[in-house]
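Only one structure is covered here, and it is reproduced in the block below.
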Amino acid sequence: MKNKGTSAQSRQLRERPVSSLPKPEELQEQLLRSQRLEALGRLSGAVAHDFNNLLTVILGNAQMILEGLSPSVQTRAVSEIIQAAQRADSLTRQLLRLSRNQPVGIQPVDLNEQIWELKALLQRLLGRDVELLTKHSATKSVRVEPTLIQQILLNLTVNAREAMPLGGTMTIETEDLSTSTESQLGHGVHIPAGKWVTLSVRDTGVGMPPDVADRVFEPFFSTKPKGENTGLGLATVRGAVARHGGHIAVRSSPGRGATFVIALPALDPDS
């Protein structure tokens, strides 16, 4: 016997206008938002631990002041209270910037400043067993939405940490790149002649064989067991980079870590 309820639902789905379906850019924004929330969730435990340490300093020194210690000790205690409060304020501001849902818009962005602002959070995401190094060689800015850089760094940081289960080093580097001919960026990816700013994220992890490196940006591709990873992170990042006129590639081999390189058009200061 036919289920009338199911039949009616199927008819409604067939009759649903195409215009009411989510647009590709809306789906991609939802993915980016969910990834930001996932990264913030991973950070919450480490940040809570840091806040606990900061509050210990604040409350401990406040108690010392109340107990009426000498003026010299009181001055030192007050200074430590102020410094701890400032660090706590810096952490909350960074988290608030990452959690914003409203689009900021495309604007000139200094990659070095973005890395500096996120460095403390990225280190917490990596954990104590992974050292974070930064090298700032780029002098030019790029014209992008700031959340793009945040999304790239958060995503690649999570990947790097998972590639180094026993610890290691992750290096973030920016460079100016000027090419007069087409140049290879990584596995099968070339960039045309022009002026670029590159953002590289290198880890000392397990690396990947060529067949995996060639597919790493494919939607739904993952080397993890089913259910542990959607395989959409790097595919979404590649799409966002492409929308800003950029390119992303990976350089890797087994046992020698991986380097993800993003090339974005350098901003012409006269434009």
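Here are the numbers for the structure shown:
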read-out	value
Positive-end residue, region 128-271 charge dipole about Cα centroid, Cβ charges, pick of A138, G207, L148	G207
Rotationally averaged projected area of region 177-224 (alpha carbon convex hull; nm²)	4.5
Electrostatic dipole magnitude of region 126-271 [Cβ: Lys, Arg +1; Asp, Glu -1; Cα centre; debye, to 20]	180
Additional length obtainable on full extension of the chain from E113 to H187, 0.36 nm per residue less Cα span	23.8 nm
Cβ-based exposure ranking for S79, S252, in which fewest neighbours within 10 Å come first	S79, S252
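Each reported figure results from applying straightforward, stated rules to the coordinates on display, with no laboratory input. All of these numbers come straight from a predicted model, not from anything done at the bench. Every residue, glycine among them, receives a Cβ derived from its backbone with ideal geometry; neighbour counts consider all protein chains shown.
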